[in-house]
Structures are given as C-alpha cells and as structure tokens.
Amino acid sequence: MNNKSKSLALHGGVIAALFALQFVLPAYHHGNLARIMVLACYAMGYNVLFGYSGLLSLGHAMFFAAGMYGMALTIQHLGFPPSAALLTGIAAAFVVSAVVGFLALRTTGVAFMIVTLMFAQAFYLAILNLGEYTRGDEGFVIQQADRIMAGVDLSDASNRYFAALILFSVCMAVTLRLVHAPAGRILVAIRENEERARMLGYDIFRHKLAAVVISGTLSGLAGAGYGLLFGYAGASFATVQYSIFPLLWVLLGGAGTVLGPLVGTLFMFYLIDLSSGLTSAYMLIAGAVLVLLTLFARQGLVGEIRRRFAPWLP
C-alpha cells in the first residue's frame, strides 16, 4: 500500500469511527462531538493558511463570523430557506476573504498578522454598530422552523450530528485534495522557502491569495454551519478570542497535518471541560498542560506521531 492509499484509508477510518460513535455516545458527549466536528472545520480552514502556507493570521474570527452572519441575517431578515442561507454565508466568507487577502498580502510577517487583526476588529465593531440588524452583543436565536433543510430538522440531536459529520467530511476531503494537489505542494514550498519558490517562477502573491480565500471560505462554511446547527449567531464569535482558538487547536494537533485540527480541537475542548469540573481556576490547569505540550511535543500531537512513527501522514 502506497502512502496516498494509507492516508485515504486512515482518514476514511476516522470518518467511519465518527459515524459509529453516533450510536454509542451518551447524550452529553454526543452533543459535544457534533460541536467539536464543526469547530474542527474552522480549524481546518485556519490550518490551510497557517499550517500549509506559513501565514499567521489573528483575524480568522472575521471569516467565521462572516459565514455565520451571512447565513443568519438572510434567514432573519430576508426569509431565505436554510440551504440558500448556507450558500449565502459561504459566499459572504468568500468575498470577505478575497478582499481582505488582496489588501493584507501587501504586507508580510508580523505586519500581516497585525493587519488581519485590525480587519477583524473592524468587522467586530461593525457587527456591534449595526445592532438594528445584528442585535449587537446579544445576537439572535435562529428559530427551529428556520432550521429545517430538505425536510430534515437540524435542531434534532441525531440529525445535527449527521449534518456536522457531513460538514466535517467535506472539509477534510477539500483539505486532503489540496494537500495532494500540485497547488498544495507549491504552498508548502512557499512556506519553507518563499524566495526559492519565487526563483522557480511561481506567482507567490497569487498562491498566497488563493490560500487566504480557501482558508477563509472553509472557515466561513464552519461559521454558517455552526449557526445553523446550533441555532445562534452572536458578536462573541467575531472577537479576538475566536481568532486565537483555531491557532491553539492547530498548534496542539499539529500544524500542516490534516487530522491535527480535529485532534487539537477535541483535546482543547475536553481539557477545559474536565478541568472546569475540578476548579474555578481551570484556565491555570489548561495553561500548564499547553505549556508542557509546547515544550515536549513541539510539532503537535499528530505532528509528533508523523515525525516519530508515520512520516507518510499528510
């Protein structure tokens, strides 16, 4: 079995395992895993930019929120059906990521990071100032009647889990396709040595812009899916905190690995969940664990597995 076949078998097995867990997990963990899969899609989008392209963004909550509000506002104010609203959310994230990428990529390094943060803050303030439509900090609930897609009630726990699994599978397939495609190899080449890639004749700006757009659109798909599946859209999803989360998930799971975002999101979610049950200072425990992982698993959990045991992992 060649490396590509091993990769496809592994990732197919992960999807099969997630499908099987639907039937055995208790209600609490069943709901948690559905949420984790959607957030892992957000982390996958971030991983395309940071893990494979080497661009550190602090403004990804803007793309997540663009997808969420693009979906939610069209349901709330225009009466769109869920399927059309979902597509609108994806389109909104695509447009926002294309515009922001075109402008932010005029800078490099730390300047790029700061510019993305500034755009995200401007987006967050716009949500607050347009409270007549967005309801500001309070946000708004998407009613159950507005979450029925193709006759399927997405507010039902079982249906929500399967929808989250489909969303996760699509994002994983896109990421795998990108990793194995020549364009994905070019992004890795740019990450490793941008000047050498430029000397080889590659259009660096065009490939970086494509990475920003793909990353932002996947993140927006996750945001639209999250709002639709869990029935809420709020300004808190556009804060700096939600730009830091995917960075942590990717670093914990392993930047530049397809499964890293899922593992990092799962680990971080339950680390906070379990430690909060032990003490009110749960972030101290979470912080200590994160420091230890940073010191002893510098490439992340999946990254360390790839380095030590499975170099074929994408």
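Against the condition aromatic (Phe, Trp, Tyr), modelled with pLDDT under 90 and closer than 30 Å to residue 127 by Cβ, how does residue 242 come out, does it pass? Answer is no for this residue. Name the pairs whose Cβ atoms lie under 6 Å apart, with the first residue in the range 15-28 and closer than 19 Å to residue 262 by Cβ, the second aromatic (Phe, Trp, Tyr) and modelled with pLDDT of 95 or more, and 6 or more positions between them or separate chains? Final answer for the pair search is 22/161. Taken over the range 66-110, the residue count meeting the criterion of being surrounded by fewer than 16 Cβ atoms within 10 Å (Cβ to Cβ) and not aliphatic (A, V, I, L, M) is 9. Annotation note: of 40, 98, the sole residue that is under 30 Å from residue 193 (Cβ atoms), in contact with a Pro (Cβ under 7 Å, 6 or more places away or on another chain) and modelled with pLDDT of 95 or more is 40. The set of residues in the range 6-58 that are within 11 Å of the chain's Cα centre (by Cα) and either at positive phi or among the hydrophobic types (A, V, I, L, M, F, W, C) (or both) comprises 36, 37, 38, 39, 40, 41, 43, 44, 48, 49.
Scan 157, 181 and give me the residue that is surrounded by fewer than 19 Cβ atoms within 10 Å (Cβ to Cβ) and farther than 19 Å from residue 259 by Cα.
Values: 181 fails: farther than 19 Å from residue 259 by Cα.
Just a single option satisfies the conditions, and that option is 157.
The number of residues in the range 130-161 being free of Cβ contacts under 8 Å to residues at least 40 places away in the same chain and among the acidic types (Asp, Glu) comes to 3. Only one entry of 267, 309, 237 meets the criterion of being free of Cβ contacts under 8 Å to residues at least 60 places away in the same chain, of a type in the set (Phe, Trp, Tyr) and in contact with a Phe, Trp or Tyr (Cβ under 9 Å, 6 or more places away or on another chain), and that entry is 267.
Here is the figure for the range 301-312: residues that are at pLDDT 90 or above and either of a type in the set (A, V, I, L, M, F, W, C) or assigned to a loop (DSSP other than H, G, I, E, B) (or both) total 3. Hey, can you tell me all the residues within the range 181-219 that are more than 21 Å from residue 243 (Cα to Cα), assigned to a helix (DSSP H, G or I) and of a type in the set (Gly, Ala, Ser)? 183, 184, 189, 197, listed by residue number. Evaluation of residue 191 against the conditions (1) surrounded by fewer than 17 Cβ atoms within 10 Å (Cβ to Cβ); (2) under 19 Å from residue 51 (Cβ atoms); (3) modelled with pLDDT under 95 shows that the sole unmet condition is (1). Six or more apart or on different chains, Cβ atoms under 7 Å: show the pairs whose first residue is in the range 64-84 and in contact (Cβ under 8 Å) with a residue 60 or more places away in the chain and whose second is surrounded by 20 or more Cβ atoms within 10 Å (Cβ to Cβ) and not in a helix (DSSP H, G or I). Cβ pairs passing all conditions: 68/233; 69/233; 72/142; 72/233; 75/142. Screening the candidates 42, 46, 69, 133 for the property of being farther than 24 Å from residue 168 by Cα and either charged (D, E, K, R) or not in a loop (DSSP other than H, G, I, E, B) (or both) yields one hit, 133. Restricting the range 1-20 to residues that are at pLDDT 95 or above and either touching a His at 6+ places or on another chain (Cβ under 7 Å) or surrounded by 14 or more Cβ atoms within 10 Å (Cβ to Cβ) (or both), the residue that is farthest from residue 172 (Cα to Cα) is 18.
All of 129, 159 fail the test of being at pLDDT 90 or above, in contact with a Gly (Cβ under 9 Å, 6 or more places away or on another chain) and farther than 26 Å from residue 314 by Cβ, apart from 129. Screening the candidates 24, 96 for the property of being assigned to a helix (DSSP H, G or I) and out of contact with any strand residue (DSSP E or B) (no Cβ under 9 Å at 6 or more places or on another chain) yields one hit, 96.
The number of residues in the range 111-140 being among the β-branched types (Val, Ile, Thr) and surrounded by fewer than 15 Cβ atoms within 10 Å (Cβ to Cβ) comes to 1.
The values are calculated or read from the model by the stated rules, or taken from the named source; none is laboratory data. All values reported here derive from a predicted model rather than from experimental measurement. Every residue, glycine as well, gets a Cβ built from its backbone with ideal geometry; the counts of neighbours run over all protein chains shown.
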